[in-house]
Amino acid sequence: MNADEMTRHILDTCDGVTALEATGDRFFVYDPRGDLPPERQLPFATIVTGDHYDTVSDLSRPGAYRLNIGLTRAGYSALFGAAPSRRDERGVLDTGADHAATDTLMPHPIYASQHWVCVVDPGEATLPAVRALLAEAYAFAARKYANRRTRRSPA
């Protein structure tokens, strides 16, 4: 599944989502009413198509992209245990993963400490898990949005 197909999958299966774009990358934000202020537009998933933010995934390869998914602490821990905190001199977290490996679910090289996971070029081996994790991240984003609206409404 290429980056455009993954984008279409996310937008087709996740109601109320906006895809923001910058430098060829896509940031998927749950904002069904279009009322989130810019500082609250935090994505639940992203598609990064180049080495703009880090080079450990070697996204300079033709057609390569990395799907990043933000999970709950429990969701992340069920997959990988406690989130890492040690970083190398480039700011990359010590996860033990080969971040350039394709079609492999792994902790995110920079944001695993915030419970993000990633897959470079998701394919047959990871698509079932990717779809489930995207649904989990989407549901979490929808809960956060609903909770924020509840806190803002007058009592």
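Any read-out appearing in this document is the output of simple, stated calculations on the displayed coordinates, not a laboratory observation. What you see is a predicted model; the values in this text were computed from it and never measured. No Cβ is skipped: glycine too gets one built from the backbone with ideal geometry, and neighbour counts run over all protein chains shown.
Between A83, A100, A78, A64, the distinction of being assigned to a loop (DSSP other than H, G, I, E, B) and closer than 28 Å to A142 by Cβ belongs to A83 only. Condition check for D15 on (1) in contact with a Pro (Cβ under 9 Å, 6 or more places away or on another chain); (2) part of a strand (DSSP E or B); (3) within 17 Å of A142 (Cα to Cα); (4) not hydroxyl-bearing (S, T, Y): one failure, at (2).
Within segment 7-14, can one find any residue that is touching a strand residue (DSSP E or B) at 6+ places or on another chain (Cβ under 6 Å) and in contact (Cβ under 8 Å) with a residue 40 or more places away in the chain? Yes, segment 7-14 has at least one match.
Residues to consider are T126, T95; find the one that is in contact with a helix residue (DSSP H, G or I) (Cβ under 8 Å, 6 or more places away or on another chain) and among the hydroxyl-bearing types (S, T, Y). Every option except T95 fails the conditions.
Filtered by the rule that a residue be more than 13 Å from the chain's Cα centre (by Cα) and not basic (K, R), segment 140-155 gives A142, Y145, A146, N147, T150, S153, P154, A155.
Looking at segment 44-68, which of its residues are in contact (Cβ under 8 Å) with a residue 40 or more places away in the chain and of a type outside the set (G, A, S)? Result: F44, I47, T49, Y53, D54, V56, D58, L59, Y65, R66, L67, N68.
Taken over segment 107-128, residues that are more than 18 Å from A3 (Cβ to Cβ) and either small (G, A, S) or part of a helix (DSSP H, G or I) (or both) amount to 4.
The residue that is surrounded by the most Cβ atoms within 10 Å (Cβ to Cβ), among those in segment 18-37 that are among the hydroxyl-bearing types (S, T, Y) and part of a strand (DSSP E or B), is Y30.
When we screen T95, T72 for residues that are β-branched (V, I, T) and without any contact (Cβ under 8 Å) to a residue 40 or more places away in the chain, the only hit is T95. For segment 57-91, filtering for residues that are among the β-branched types (V, I, T) and surrounded by fewer than 19 Cβ atoms within 10 Å (Cβ to Cβ) leaves 1.
Residues in segment 103-128 that are free of Cβ contacts under 8 Å to residues at least 24 places away in the same chain and among the hydroxyl-bearing types (S, T, Y) were compared, and the one that is surrounded by the fewest Cβ atoms within 10 Å (Cβ to Cβ) is T104. For R40, are the conditions met, namely being farther than 21 Å from I10 by Cα, surrounded by fewer than 15 Cβ atoms within 10 Å (Cβ to Cβ) and of a type in the set (D, E, K, R)? Against the criterion (farther than 21 Å from I10 by Cα, surrounded by fewer than 15 Cβ atoms within 10 Å (Cβ to Cβ) and of a type in the set (D, E, K, R)), R40 does not qualify. F27: touching a residue at least 40 places away in the same chain (Cβ under 8 Å) and within 12 Å of the chain's Cα centre (by Cα), yes or no? No: the conditions fail for F27.
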